[in-house]
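Student: Below you will find the structure I want to go over with you.
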Amino acid sequence: MTIKEIQDKVVEEFELFTDWTDKYAYIIELGKKLSVLDEDYKTEQNIIKGCQSRVWLQPELKGNQLIFTADSDAVIVKGIVYLLIRVLSNHSPQDILNTELNFIERIGLTQHLSPTRSNGLLAMVKQMKFYALAYKSKLESEVK
Amino acid sequence: MPSSNFDIEKIRSLFPILNFKVKGKDLVYFDNAATTQKPQAVIDGLSDYYSEYNANIHRGIHFLAEKATGAYEEVRIQLQKFLGAASSEEIIFTRGTTEGINLVASSFGDAFINKGDEIIISELEHHSNIVPWQLLCERKKAILKVIPINDAGELLIDEYKALFSDKTKLVAVNYVSNALGTINPIKKIIDLAHAVGAKVLIDGAQSTSHIEVNVQELDVDFYACSAHKMYGPTGIGVLYGKKDLLNQMPPYQGGGEMIEEVSFEKTTFNALPYKFEAGTPNIGDTIAFKAALDFIEEVGVKNIAKQEDLLLQHTQKELEKIEGIKFFGQAKEKVSVISFGFDDVHHQDLAILLDNFGIAIRTGHHCTQPLMKRLGILGTSRVSFAVYNTIEEVDYFIEALNKVLNMLR
């Protein structure tokens, strides 16, 4: 599936929820499901600095696909991180860069990405794009 | 119980925001240590000034300027009485507590702090009562010393005494800890500092609408507070300073208002308090501050404290029933602030879900990172009350908190 198709699927899933408790219960469930990042990767280098919760992000290139693994100490943030990974991980750096990320807004969780919320999520999205850019350059230089 | 003429419904009716719905729920506002809500009279005070007598003050010879000047200076006199200062010249308007502390760090620091001198703060301080002193110490090669706390979040007075030396020039501590609610024994702290010839600044951001303050009885040298934590507008605060000290200090900022005469060769400065009030001040918010002071005086600081203490005791009792709860700051003397946490639940998750119940609490490090480090945590969940909060709101909060914990565990 393309990134766009995955985003649409996530939005479709969230349309089932009629009240906020169900929606958050689902995000919490996803957060608990997110595979925990190995302690070795919870380094200063991988931490996305936020005001309240900490988010760690680890990129890895397999072939021409960029794989992200991540973790957070707060479960709601972790649930949203789970969705971000589901949407953006396992795609080429170029596809990640071309993506207009809009599913968070469409499922009504924009408040968690606002810059004033300072929970590290917005910084995480930027960092994912930044890694995509870095690996794209790396791939291109290898081709040359 | 607060006295019999204390009418909570009447008090609540003065605050329009309390009728506001958040996500379809009645707003329950428990973030009062961050900022209190404003009574309609404060909002009207601001609006009346801008709609009826907006003018620049002190210089204009016209009706509007005189009316605005009168209203502005009236607040200074009211504050002098409210804080128990000897003279209205000792009341300097600032942007808030932070600016008051920075003013002293800059101006008192320039005049009185030299290489090797020592400044004492405490582990309980807000960043705004840490960083200005660190900057001053860097500038002057002075030394910053820190009073430690016990596990209950109380200052260790014997350790404090042990910090004194003949180099101690200033002690800067808060009256009340914003993160834990501890009320510090400031009279004792001031007397001990004076005994070794040091001056004392009290950060009164968290105390001024909860505890009666009399700067002359305390014999404090500087006292800073903010209107917005006292039911008043943001962007206006007060620095009290003893007159003879303020007179010995150089101006903080240069500009209009603070001068007597300016020439390119030499400028002479205006008298107190204007020497420290450069530029057009925050006239509108200062004038509106009056209505907040009127409100506090009308209800009475003692009645406010009684109502808040009632809420504190009830909330503490109810929270203690919750499995796995940990309290941070169990001082014997405290205002109505409760900081708590759970090993298995992140405070940010709590705040996000409580927000969906219309409940506003504060989570995080509360701008006290050194204190969080001392407690070995990254942050807490904090509820803090004001006079308009009710037992019913607390019960709703406890119910919501239990539901939220069920979702997260």
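Student: Restricting to the range B:320-359, give me the number of residues that are more than 14 Å from chain A (Cβ to nearest Cβ) and either crowded, with 18+ Cβ neighbours inside 10 Å or assigned to a loop (DSSP other than H, G, I, E, B) (or both). Spell out the reasoning first.
Tutor: Start the filter on the range B:320-359 by keeping residues that are more than 14 Å from chain A (Cβ to nearest Cβ), which leaves B:320-340.
Keeping just the survivors that are either crowded, with 18+ Cβ neighbours inside 10 Å or assigned to a loop (DSSP other than H, G, I, E, B) (or both) gives B:320-324, B:328-340.
Looking only at that region, the number is 18.
Student: Exactly one of (1) over 18 Å from B:E89 (Cα atoms); (2) exposed (fewer than 15 other Cβ atoms within 10 Å of the Cβ) is unmet by B:K243. Its number?
Tutor: Tallying (1) over 18 Å from B:E89 (Cα atoms); (2) exposed (fewer than 15 other Cβ atoms within 10 Å of the Cβ), B:K243 fails exactly one: (1).
Student: How do the pairs read when you match residues in the range B:145-171 that are within 21 Å of B:L245 (Cβ to Cβ) with residues anywhere that are charged (D, E, K, R), using Cβ under 6 Å and keeping only pairs 6 or more apart or on different chains?
Tutor: B:K167/B:D117; B:K167/B:E118; B:T168/B:E118; B:K169/B:D117; B:L170/B:K199
Student: Considering only the range B:248-297, state which residues are in contact with a Lys or Arg (Cβ under 8 Å, 6 or more places away or on another chain) and aliphatic (A, V, I, L, M).
Tutor: Passing the criteria: B:M258, B:L272, B:A292.
Student: Given the options A:S141, A:S89, name the one that is farther than 28 Å from B:I377 by Cα, among the hydroxyl-bearing types (S, T, Y) and more than 15 Å from the chain's Cα centre (by Cα).
Tutor: Of the residues listed, the single one that is farther than 28 Å from B:I377 by Cα, among the hydroxyl-bearing types (S, T, Y) and more than 15 Å from the chain's Cα centre (by Cα) is A:S141.
Student: In the range A:56-75, what count of residues is obtained for those that are within 11 Å of another protein chain (Cβ to nearest Cβ) and assigned to a strand (DSSP E or B)?
Tutor: 1
Student: Looking at the range B:107-129 only, could you name the residues that are of a type in the set (S, T, N, Q), surrounded by 20 or more Cβ atoms within 10 Å (Cβ to Cβ) and more than 20 Å from the chain's Cα centre (by Cα)? Reasoning before the result, please.
Tutor: Step one: of the range B:107-129, the residues of a type in the set (S, T, N, Q) are B:107, B:114, B:122, B:128-129.
Subset that is surrounded by 20 or more Cβ atoms within 10 Å (Cβ to Cβ): B:107, B:122, B:128-129.
Correct list: B:S107 only.
Student: Is it true that A:L37 is surrounded by 15 or more Cβ atoms within 10 Å (Cβ to Cβ) and in contact (Cβ under 8 Å) with a residue 40 or more places away in the chain? Can you show your working first?
Tutor: On the way: surrounded by 15 or more Cβ atoms within 10 Å (Cβ to Cβ): yes; in contact (Cβ under 8 Å) with a residue 40 or more places away in the chain: no.
So A:L37 fails the test.
Student: Counting just the residues of the range B:130-156 that are within 24 Å of the chain's Cα centre (by Cα) and assigned to a loop (DSSP other than H, G, I, E, B), which one comes out nearest to B:K188 (Cα to Cα)?
Tutor: Here is the first cut: in the range B:130-156, the ones within 24 Å of the chain's Cα centre (by Cα) are B:130-137, B:144-156.
From what's left, assigned to a loop (DSSP other than H, G, I, E, B): B:130, B:148, B:150-154, B:156.
Values: B:I130: 21, B:P148: 16, B:N150: 17, B:D151: 21, B:A152: 19, B:G153: 17, B:E154: 14, B:L156: 12 Å.
Selected residue: B:L156.
Student: Can you work out which of the residues in the range B:378-409 that are part of a loop (DSSP other than H, G, I, E, B) and modelled with pLDDT of 95 or more is farthest from the other protein chains (Cβ to nearest Cβ)? So that I can check it myself, show each step before the final result.
Tutor: So in the range B:378-409, the residues part of a loop (DSSP other than H, G, I, E, B) come out as B:378-379, B:385-390, B:409.
From the residues that got through so far, the ones that are modelled with pLDDT of 95 or more too are B:385-390.
Values: B:F385: 22, B:A386: 23, B:V387: 28, B:Y388: 26, B:N389: 24, B:T390: 25 Å.
Among those residues, the one meeting the criterion is B:V387.
Student: Condition first: over 21 Å from A:V55 (Cα atoms) and among the small types (G, A, S). Now tell me which residues in the range B:342-387 satisfy that.
Tutor: Passing the criteria: B:G358, B:A360, B:S384, B:A386.
Student: Can you tell me which residues in the range B:366-377 are in contact (Cβ under 8 Å) with a residue 24 or more places away in the chain and not in a helix (DSSP H, G or I)?
Tutor: Residues satisfying the conditions are B:H366, B:C367, B:T368, B:I377.
Student: A:K78: within 12 Å of chain B (Cβ to nearest Cβ) and in contact with an Asp or Glu (Cβ under 8 Å, 6 or more places away or on another chain), yes or no?
Tutor: When the stated conditions are applied, A:K78 passes them.
Student: Here's another thing I want to ask about it. Mind checking whether some residue in the range B:86-98 is over 19 Å from B:G279 (Cβ atoms), among the β-branched types (V, I, T) and either in contact with a Gly (Cβ under 9 Å, 6 or more places away or on another chain) or assigned by TED's automatic domain parsing to the domain that holds B:N247 (or both)?
Tutor: yes
Student: Among the listed residues B:N102, B:N56, identify the single one that is outside any helix (DSSP H, G or I), in contact (Cβ under 8 Å) with a residue 12 or more places away in the chain, surrounded by 15 or more Cβ atoms within 10 Å (Cβ to Cβ) and assigned by TED's automatic domain parsing to the domain that holds B:L136. I'd like the intermediate steps shown before the answer.
Tutor: On the way: B:N102 fails: outside any helix (DSSP H, G or I).
Of B:N102, B:N56, the one residue that is outside any helix (DSSP H, G or I), in contact (Cβ under 8 Å) with a residue 12 or more places away in the chain, surrounded by 15 or more Cβ atoms within 10 Å (Cβ to Cβ) and assigned by TED's automatic domain parsing to the domain that holds B:L136 is B:N56.
Student: Of all residues in the range B:360-371, how many are out of contact with any strand residue (DSSP E or B) (no Cβ under 6 Å at 6 or more places or on another chain) and either within 12 Å of chain A (Cβ to nearest Cβ) or β-branched (V, I, T) (or both)? Before you say what the answer is, go through the steps one by one.
Tutor: First pass over the range B:360-371, keeping only residues out of contact with any strand residue (DSSP E or B) (no Cβ under 6 Å at 6 or more places or on another chain): B:364-371.
After this cut, where a residue has to be either within 12 Å of chain A (Cβ to nearest Cβ) or β-branched (V, I, T) (or both) as well, the list is B:364-369.
So the count comes out to 6.
Student: Something else now. Filter the range B:143-158 down to the residues that are under 22 Å from B:I377 (Cβ atoms) and not polar (S, T, N, Q) and list them by number.
Tutor: Initially, the range B:143-158 is screened for residues under 22 Å from B:I377 (Cβ atoms), giving B:146-156.
Within the range B:143-158, B:V146, B:I147, B:P148, B:I149, B:D151, B:A152, B:G153, B:E154, B:L155, B:L156 meet the criteria.
Student: Residues of the range A:35-55 being within 14 Å of chain B (Cβ to nearest Cβ) and part of a loop (DSSP other than H, G, I, E, B), which ones?
Tutor: Of everything in the range A:35-55, those that are within 14 Å of chain B (Cβ to nearest Cβ) and part of a loop (DSSP other than H, G, I, E, B) turn out to be A:K42, A:K49, A:G50, A:C51, A:Q52, A:S53, A:R54.
Student: Kindly indicate whether A:D22 is outside any loop (DSSP other than H, G, I, E, B), surrounded by fewer than 19 Cβ atoms within 10 Å (Cβ to Cβ) and either within 14 Å of chain B (Cβ to nearest Cβ) or not aromatic (F, W, Y) (or both). Give the derivation first.
Tutor: Values: outside any loop (DSSP other than H, G, I, E, B): yes; surrounded by fewer than 19 Cβ atoms within 10 Å (Cβ to Cβ): yes; either within 14 Å of chain B (Cβ to nearest Cβ) or not aromatic (F, W, Y) (or both): yes.
Against the criterion (outside any loop (DSSP other than H, G, I, E, B), surrounded by fewer than 19 Cβ atoms within 10 Å (Cβ to Cβ) and either within 14 Å of chain B (Cβ to nearest Cβ) or not aromatic (F, W, Y) (or both)), A:D22 qualifies.
The values are calculated or read from the model by the stated rules, or taken from the named source; none is laboratory data. All of these numbers come straight from a predicted model, not from anything done at the bench. Heads up, the Cβs are rebuilt from the backbone with ideal geometry, glycines too, and the neighbour counts pull from every protein chain shown.
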